[in-house]
1. Could you list log10 I(q)/I(0) for the stretch 165-210 at q = 0.16 Å⁻¹, which the Debye formula gives when each Cα is one point scatterer?
2. Given a 10 angstrom Cα cut-off, can you work out which residue in A212, A93, A179 is the most mobile in a GNM of the chain?
3. Send over the semi-axes of the stretch 196-270's equivalent ellipsoid, whole angstrom and largest first, taken as the square roots of 5 times the C-alpha gyration tensor eigenvalues.
4. Using θ = phi - 60° and the Karplus relation 6.51 cos²θ - 1.76 cosθ + 1.60, list the HN-Hα couplings for the stretch 108-122 in order, rounded to whole Hz, with x at every Gly or Pro.
5. Using a Gaussian network for the chain with springs between C-alpha atoms less than 10 Å apart, which of these wobbles most: K189, K165, K233?
6. Report the relative contact order of the chain, percent, no decimals, based on alpha-carbon pairs under 8 angstrom and at least 6 residues apart.
7. Going by amide H atoms built from the backbone, whose H comes under 5 Å of the H on D110, apart from near neighbours?
8. To the nearest 20 debye, what charge dipole does the chain have about its Cα centre, counting +1 at the Cβ of each Lys and Arg and -1 at the Cβ of each Asp and Glu?
Amino acid sequence: MQSVRGVLSLGTLTLLALGAGTVAPAAAQVTGEDIVSREQQAFLYAARDFRADVSMRLVDKEGQERRRKLTMLRLDTGEGSSQKYYIYFHEPADVRGTAFLVWKYQDKDDSRWLFIPAIKLVTRVAAKDAQSSFVGSDFSYEDISGRDLGADSYKLLNEEAREGKDCYVVEAVPKSSSAFTRKVSWIDKKTFLPVREEFYDVQNQLARVFTADEVKDVGGHPTVVRRTMRDVKREHHTEVVFENVGYDSGLDEGLFSERYLQKPPAQWIK
């Protein structure tokens, strides 16, 4: 699988060619995989580590709400596209103390663990469950930590404006069995962040829609601080807000261990 860190932009290649004293050839056609690789770099791999306080609002078709508050930690391990995630739930009371841990690998299925405080049990989340609902929200476990670049085939469909931004429109089709048969993404040409993503089911009907509702610059990193996932058929949606966002905070890899699922690191989980 191709590492997201191994992709050079066309601009970089052009500068290298000019620096070598040669005449740069006409720019090669950018591919869908190139674009999604850069999107993953911007959306999932900004800086070495990441911390944020996160609020979730789950809204059903009658307008009834449920809320979650959690802390998210993320560390790039320096091994290709490998990462580790730690998520701790503060509210509501019935889920307080629930913790989720991901070890994301470059060349094999990710490892995921969930600690359920009510029964004091650490359980593995099977790879086949990666696309199931994350704690009852409209986001899947896979949406939280990202999908492997090599899991899909990509096609650049178009270039068009969306939400006032110039975007690439890219279709992703899973190479093996998946909860969706294709995904169409609008990716901002400037930041390479996703503006909108549409997931289609096995009947090729629109099933879920992701939108990036607010982007802020945090320490030089454009960051989606407010985002929504809508389940079109259930008429249910989940809104997520990131606050107190920080990059390169000095997270230690030892924090991302099963030990801290049951006893959260007080320095980072407040």
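A short reminder: the numbers here are calculations on the coordinates, not readings from a lab. In this text the structure is predicted, and so the values were computed from the model without any measurement. All Cβ positions, glycine included, derive from the backbone under ideal geometry; neighbour counts span all protein chains shown.
1. Debye curve over Cα of the stretch 165-210, log10 I(q)/I(0) at q = 0.16 Å⁻¹: -0.43.
2. Among A212, A93, A179, the largest mean-square fluctuation in the Gaussian network model of the chain belongs to A93.
3. Numbers: eigenvalues 203, 69, 25 Å².
Working through the eigenvalues yields semi-axes of 32, 19, 11 Å.
4. 7, 4, 5, 9, 9, 10, 10, 9, 10, x, 4, 10, 6, 10, 9
5. Greatest mean-square fluctuation among the candidates belongs to K233.
6. Working: 566 pairs, mean separation 51.8, N = 270.
Normalised by residue count, the contact order of the chain is 19 percent.
7. The answer is Y105.
8. On the way: 39 positive and 41 negative charges, 118 e Å.
Dipole of the chain, to the nearest 20 debye: 560 debye.
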